[in-house]
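S.K.: Supplied in structure tokens, the structure appears directly below.
The values are calculated or read from the model by the stated rules, or taken from the named source; none is laboratory data. Given the structure is predicted, the values throughout are model-derived calculations rather than measurements. Cβ: placed from backbone, ideal geometry, glycine included. Neighbour counts: every protein chain shown.
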């Protein structure tokens, strides 16, 4: 899992390091708040789950269109 963070594939996929960090942080918080994972846990940690969800394009981080400082988390499973 950490290997996925060593190259820039995920960074490029989400549009930069800041966005990647924001997406990981928001999704981790959702998991801690009781949201269900979008993939089978398979003995993985929450961080490993989030990285895999990003790698599979199951979650994205998009800026709020109203220009607010808030970002919106989107999940294909929640749409």
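S.K.: Show the residue pairs that are 6+ apart or on different chains and have beta-carbon atoms under 9 Å apart, the first residue being within segment 31-42 and at negative phi and in contact (Cβ under 8 Å) with a residue 24 or more places away in the chain, the second being surrounded by 12 or more Cβ atoms within 10 Å (Cβ to Cβ) and in a loop (DSSP other than H, G, I, E, B).
M.R.: Filtered contacts from segment 31-42: 38/58.
S.K.: Residue 5: surrounded by 14 or more Cβ atoms within 10 Å (Cβ to Cβ) and modelled with pLDDT of 90 or more, yes or no?
M.R.: So residue 5 fails the test.
S.K.: Moving on. Can you tell which of 28, 23 is crowded, with 17+ Cβ neighbours inside 10 Å and under 9 Å from the mean Cα position of the chain (by Cα)?
M.R.: 23
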